[in-house]
Amino acid sequence: MKHWLQVPPKKMAKLFYLAGILCLIAAMVITFAADTVLYASGRMYPQTITLADTDLYTLVDMEWDGADTLTALSGDVQLYLQPGQRVRTLRLVAKYDSDMSYERDLYWHLPGGGYTPKRRVWPTAGPDGSWLYTVPLLAGQNLRLDLADQSGVHIELKALEINQRPAWYHYFIPTLWQLFWLAVVPGLLACAAALVQDVIKIRQTKKGGPEA
């Protein structure tokens, strides 16, 4: 206890940041290894789904014209995807009838659980007009894709490309969210640890001095 109380705040912060970096590296390695095993075992494989694959999805408040266009009938349209395999990445290839910004959120759930705002994935827009989603490793097999948040929107859905395997080095490129948490969380933990140190020192002083 005495040794811990004597650790300077700056050194404490460095230790937390070092631990954060090691945890991030470990998470990247684990994700890469897990995906490698899933691909090798056939539990995860590249798959392209179109609107013709009606047994792999369910539409809510959307009208399909029988070709490749969907029309939003409300402001809460959804596409429930049941591809029959674990999903780690999904690439939405679609064209909207206007340049307005629409909700394109992807929701996942834990096995046996439901969809909640806490389990939502925002896409990364590609230069070709597609949107790429990366789903957490622990997610279930079924997904919910919210394609728009306004009625009357026409969506030319060309394909949903699932589990297109990225190059190995992509696993070791941190995302913006990972960098954000790496920058914020260790600092907060260091501040909390310093505060606890001060509280313990004050209490020990009132009792007659620090513990031996």
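Magnitude of the charge dipole for the chain, about its Cα centre and with charges confined to Cβ atoms of Lys, Arg (+1) and Asp, Glu (-1), is about 2080 debye.
Note: relative contact order over the chain, using C-alpha pairs below 8 Å and six or more positions apart, is 30 percent. Taking all protein chains together and rolling a 1.4 Å probe, residue 25 ends up with roughly 90 Å² accessible.
Counting charges near residue 35 (Lys, Arg +1; Asp, Glu -1) among other residues having Cβ under 13 Å from its Cβ returns a value of +4. Label zone of residue 34 (point 7 Å out along Cα→Cβ, amide N under 18 Å): in the stretch 80-116 this covers 85-90, 107-114. Restricting attention to the stretch 144-212, which GluC sites (Glu not before Pro) occupy a DSSP loop and are surrounded by at most 15 other Cβ atoms within 10 Å? In loop regions of the stretch 144-212 (DSSP not H, G, I, E or B), the sparsely surrounded GluC sites (Glu not before Pro) are 211.
May I ask you to compute the full-extension gain from residue 173 to residue 64, defined as 0.36 nm times their residue separation minus their alpha-carbon distance, rounded to one decimal in nm?
Details: separation 109, 0.36 × 109 = 39.24 nm, distance 3.84 nm.
Length gained, residue 173 through residue 64: 35.4 nm.
Any chance you could give the angle, 0 to 90 degrees and rounded to 10, that helix 9-41 forms with the longest Cα principal axis of the chain? That helix lies at roughly 30 degrees to the long axis.
Structural descriptor for the stretch 74-156: relative contact order 50 percent, calculated from alpha carbon pairs under 8 angstrom and at least 6 residues apart. For the chain, the longest principal axis of the Cα atoms and the long axis of helix 176-206 meet at an angle of about 30 degrees.
Relative contact order of the stretch 42-90, taken over Cα pairs closer than 8 Å and 6 or more residues apart, is 40 percent. Positive contributions from Lys and Arg (+1) and negative ones from Asp and Glu (-1), summed over other residues with Cβ under 10 Å from the Cβ of residue 74, come out at -3. Multiplying the residue separation of residue 128 and residue 196 by 0.36 nm and removing their Cα-Cα distance gives an extension gain of 19.4 nm. Here the average projected area of the convex hull drawn through the C-alpha atoms of the chain stands at 16.6 nm².
The values are calculated or read from the model by the stated rules, or taken from the named source; none is laboratory data. Quick caveat, the model's predicted, so the values are computed rather than measured. Every residue, glycine among them, receives a Cβ derived from its backbone with ideal geometry; neighbour counts consider all protein chains shown. The protein model used for the area step is the full one, side chains on, heavy atoms only, and it has no ligands, DNA or RNA in it. Shrake-Rupley method; radii C 1.70, N 1.55, O 1.52, S 1.80 Å.
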